[in-house]
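The structure under discussion appears below in the form of structure tokens.
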Amino acid sequence: MKNFGYLSKLISLIYKKHQNLLPFLEILRSDIAGIEFLDMGEDDTAFIHLENKKFYIRINNRYIKEYKLNDDDILWLICHEISHFVLGHHNSNLIESHSHQYRNFAFDCQVNSMLFNINKRNRIEFFDKNYADGYNDFLTGEDLTGFYFLLIPPLKTEQEIADDFRTLDYDPYKLAVIREFWFKNFGEAGLGAEAINEYLEIILPEDSLNNQPEENPRYDNELPAGIEELRELITEINRDSLTASSGFTGGLNNPFNNIDVKKRRQNILRRAMQSAFFEDKEKTISGVSEAVIQSVFPALRRKEAAMLGTGVIPMFYSTLCDTPSAESMAIYIDFSISTRDYHNEICKTLSSLRDVYKGVYYAFTTELTVMTFDELKTGRFESGGTDITPVIEHINKNKFKKVLLVTDGEFSPSPVKTHAEIYLLFFEKSNSPDAVKQSGNVKQIWHLEK
């Protein structure tokens, strides 16, 4: 049975404290059928099972007590387990060629590296609770075969670790490989599964490589729909750090490499428009870059009150609010000379999103022009200089509450101010919002290019 109360708590944690885990939000909302806390064996931690395209998760109470795990840790634990499916580990060739212990170690190396980068390279307390002590155990000789410290980001600088390793009576070649792997896997580029395997076959004891035959389940047709969406969203947010780099002998295996760039950009823009115009403020989710994230507050209506009366805690609380209409919003597209290289892409992408937005489009340079849908598809507009003032004046005149501004920000600030919420879709990371911020309330920013 689905643990609604606890899932609701984890979802609230994402909004309030762990916004970097927003890509996992829909999985927690829709694709987890049950979370159970059980007393299991001493060596058991957590298990994730897939059935009828839903995840069932069991977590060992003994494990929670031993490592003093809190709700934040359990949230990271669940995201860790889900990430194995995101990375395709359930269909890895390692299942048929390597032992259970070996492949779990290899898979965890890749998952934890990905989550570290998703967390903007900030340390994750849950990982350190589990594995930080392993480094001292390795240095003191208490555990020269576990290598569990390789499952967390390096605890010191590369030079400090090199100095520590010099004190060990250990194969110098393997120590060099260990150090190189540790810093490469938790670097901004990360490592693909094959590259990780190439390193670990050198690092780990030989007996861990022996295969223990078992069935190799194939889950591709059973995966929740949210997994593919999660793959794409993680890639969009952090695609530079998720690009697999060459391994010890140049191996490469990254499931994110096959995502079409144009499709990715279209999805970015789709999410930008959805969160700018169609998402409730309390549920705003960033597609790529800067975002305003707010908490979700309980609000009781008849449905929620009835659920609470039966002892069921609602995962979400509905509130009556105004739904934005075409009359209260607008999209303005910068067709100046400085954005010429992006004109065709803008028009094709926006026209492909006709199912999301059916309102009016406005093209601007130093003046403002209304675009028809057919004109938008052709993208044939005269380019010129850029002036944001006519846009701000037009927003105020029409009393728009929300606007999406597609631009490179290459213009002078306007003396006119607006109270409308402004959402910016920039072309490149180097584009500056400063001029727009002097004119209005910039709520959110996305970039088509990083």
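The values are calculated or read from the model by the stated rules, or taken from the named source; none is laboratory data. The shown structure was predicted, so the numbers you read here are calculated from the model rather than taken from an experiment. Every residue, glycine among them, receives a Cβ derived from its backbone with ideal geometry; neighbour counts consider all protein chains shown. Areas reflect the complete protein model, heavy atoms only, side chains present, ligands, DNA and RNA absent. Shrake-Rupley method; radii C 1.70, N 1.55, O 1.52, S 1.80 Å.
For the range 398-439, the residues whose amide N sits under 20 Å from a probe point set 7 Å from the Cα of ARG121 along the beta carbon direction are 429-431. In the range 29-85, which trypsin sites (Lys or Arg not before Pro) fall in coil by DSSP and have 12 or fewer other Cβ atoms within 10 Å? Sites meeting the loop and neighbour criteria: LYS68.
Applying the criteria of a DSSP loop state and at most 14 other Cβ atoms within 10 Å to the trypsin sites (Lys or Arg not before Pro) of the range 130-207 yields LYS156. Segment ALA132..PHE183, full-extension length gain: 16.8 nm, with 0.36 nm per residue of separation and the alpha-carbon distance subtracted.
Between GLU66 and THR140, the simple label model (points 7 Å from Cα in the Cβ direction) yields a spacing of 1.8 nm.
Distances between placed amide hydrogens fall under 5 Å for ILE35 paired with ASN3, ILE57, all partners being 5 or more residues away or on another chain. With each label modelled as a point 7 angstrom along the Cα→C-beta vector, the GLU42-LYS399 pair spans 7.2 nm. A full extension of the chain between VAL416 and GLU345 corresponds to an added length of 22.5 nm, given 0.36 nm per residue minus the alpha carbon distance.
Applying the Karplus relation 6.51 cos²θ - 1.76 cosθ + 1.60 with θ = phi - 60° to the range 86-93 yields 3J(HN,Hα) values of 4, 8, x, 5, 5, 10, 6, 5 Hz, where x marks Gly and Pro. Pop the C-beta distance of ASN91 and SER30 into the FRET formula with R0 = 35 Å and round what comes out to the nearest 0.05. Calculated transfer efficiency: 0.95. When nucleic acids and ligands are ignored and a 1.4 Å probe is applied, TYR362 ends up with an accessible area of around 20 Å².
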